[in-house]
Amino acid sequence: MKKITDKEVERICNMIREYIHDNEKIVIGVSGGIDSDVVARLCAKAVSAERIHLFLAIQEGMPQKRIHTVRELADELKCRLSLIDLSEMNTELIEKIHEADPDNFNMNSFMDNHRAKCSLRTAVYSTYQDNDFIFCSTTNRTELELGTPMPFANMLGHIRPIIHLYKTQVYELAKLVGTRESVLNQPPSADFWEDEDDMDDLSYMLLNRKQVPGYRRFSAEEMETAQKIKEQISGYKIDLALEAYSRHKNRQEIAECSGLSEDIVEAIGCLIEGAKLTKSRKILVNLEPED
């Protein structure tokens with residue numbers, strides 16, 4: 001896997017500068033996690049701090065330490081920060097949709113309620129965009145290829161500064177741009193609920209061989225199997241497998257280079273193929289006007 005150097009930092013900053021016009025401002029949804037921290041620092045390096053606006057959507061399940069972390073980030077970068085309380089609005093949204101469309105939305109769906117949090121953050125981005133802000137995405141390549149981001153939520157953006165980098169590379173980039181040790185050392189999480197862990201989420205996706213639908217329920221035996229999968233995986237091993245897949249290696253070769261079992265490698269392949277159909281497929285498809 002290519003090592004990230006200062007040259008890559010400058011390459012990303014140049015991309016941001018070339019896209020952003022002199023009179024435009026950038027809005028970034030920050031979470032206290034490493035991806036949004038790195039993107040905020042890259043934007044601050046690329047353009048002046050007064051042109052960057054950070055917001056944190058406060059939602060249930062979010063640890064209080066996240067608020068402290070994003071305040072520290074905003075103070076350090078000297079950027080404006082808005083704390084927007086969206087608590088319980090995700091449940092209200094799903095309730096309203098369920099009332100209108102009970103065939104496709106179930107109030108007992110565990111994930112629908114949590115994924116609606118991303119939808120609400122998209123509404124915040126859209127509102128800022130209506131006020132002439134440039135929307136900056138924080139999605140990385142690992143998320144894109146596994147299918148974890150939502151195409152009409154956190155994967156959107158006028159610019160996507162780190163979507164070409166695996167999570168392992170984002171950590172390398174973070175050290176170059178000055179991300180705090182406390183952020184580097186915390187377990188990655190979407191913070192949908194208390195103590196959520198990205199590797200825990202991924203273990204269930206690997207078990208399911210595709211994105212876990214909201215109505216899916218796991219048996220005690222399946223939960224035990226998911227825990228065993230979690231014990232075998234790490235962010236670094238997953239990235240090695242994803243890179244090997246991108247180089248068209250076979251299953252045995254991917255298992256050897258990543259240190260993962262062939263069964264898990266096969267499951268990763270299923271997630272990649274599923275993401276191509278549902279998460280990372282091309283959007284904004286249209287015909288050109290006929291002459």
(message) So in region 134-159, with the set limited to residues that are closer than 22 Å to Asp239 by Cβ, open to solvent by 10 Å² or more (accessible area, probe 1.4 Å) and assigned to a loop (DSSP other than H, G, I, E, B), which one is modelled with the lowest pLDDT?
(response) Asn154
(request) For region 35-57, name all the residues that are at pLDDT below 95 and of a type in the set (Asp, Glu). (result) Glu50
(request) Look through Arg281, Arg216 and report the one residue that is surrounded by fewer than 16 Cβ atoms within 10 Å (Cβ to Cβ), out of contact with any Pro (no Cβ under 9 Å at 6 or more places or on another chain) and of a type in the set (Lys, Arg). (result) Arg216
(request) Please find, among Lys175, Lys117, Lys167, the residue that is basic (Lys, Arg) and farther than 25 Å from Leu77 by Cα. (result) Lys117
(request) All but one of (1) buried (at least 17 other Cβ atoms within 10 Å of the Cβ); (2) more than 21 Å from Met205 (Cα to Cα) hold for Glu99, so report the exception by its number. (result) (1)
(request) Return the total of residues in region 34-49 being farther than 11 Å from Ala174 by Cα and out of contact with any Cys (no Cβ under 7 Å at 6 or more places or on another chain). (result) 2
(request) Out of Leu56, Leu93, Leu73, report the one residue that is buried (at least 18 other Cβ atoms within 10 Å of the Cβ) and more than 20 Å from the chain's Cα centre (by Cα). (result) Leu93
(message) I want to confirm something. Restricting to region 221-249 and keeping residues that are over 25 Å from the mean Cα position of the chain (by Cα) and open to solvent by 80 Å² or more (accessible area, probe 1.4 Å), which single residue is farthest from Arg115 (Cα to Cα)?
(response) Lys249
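Rundown of residues vs (1) on the phi < 0 side of the Ramachandran plot; (2) modelled with pLDDT under 95, yes/no style:
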| residue | (1), (2) |
| --- | --- |
| Gly33 | yes, yes |
| Gly61 | no, yes |
| Gln64 | yes, yes |
| Val70 | yes, no |
| Leu73 | yes, no |
| Leu81 | yes, no |
| Ser87 | yes, yes |
(request) Restricting attention to region 1-46, report how many residues are surrounded by fewer than 19 Cβ atoms within 10 Å (Cβ to Cβ) and part of a loop (DSSP other than H, G, I, E, B). (result) 8
(message) Every residue in region 77-89 that is open to solvent by 80 Å² or more (accessible area, probe 1.4 Å) and either under 14 Å from Phe133 (Cβ atoms) or out of contact with any helix residue (DSSP H, G or I) (no Cβ under 6 Å at 6 or more places or on another chain) (or both), please.
(response) Arg80, Asp85, Glu88
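The values are calculated or read from the model by the stated rules, or taken from the named source; none is laboratory data. Since the model is a prediction, treat every value here as computed from it, not as a measurement. Reconstructed Cβ throughout: ideal geometry from the backbone, glycine too, with neighbour counts over all protein chains shown. SASA here: full protein model, heavy atoms, side chains in, ligands and nucleic acids out. Shrake-Rupley method; radii C 1.70, N 1.55, O 1.52, S 1.80 Å.
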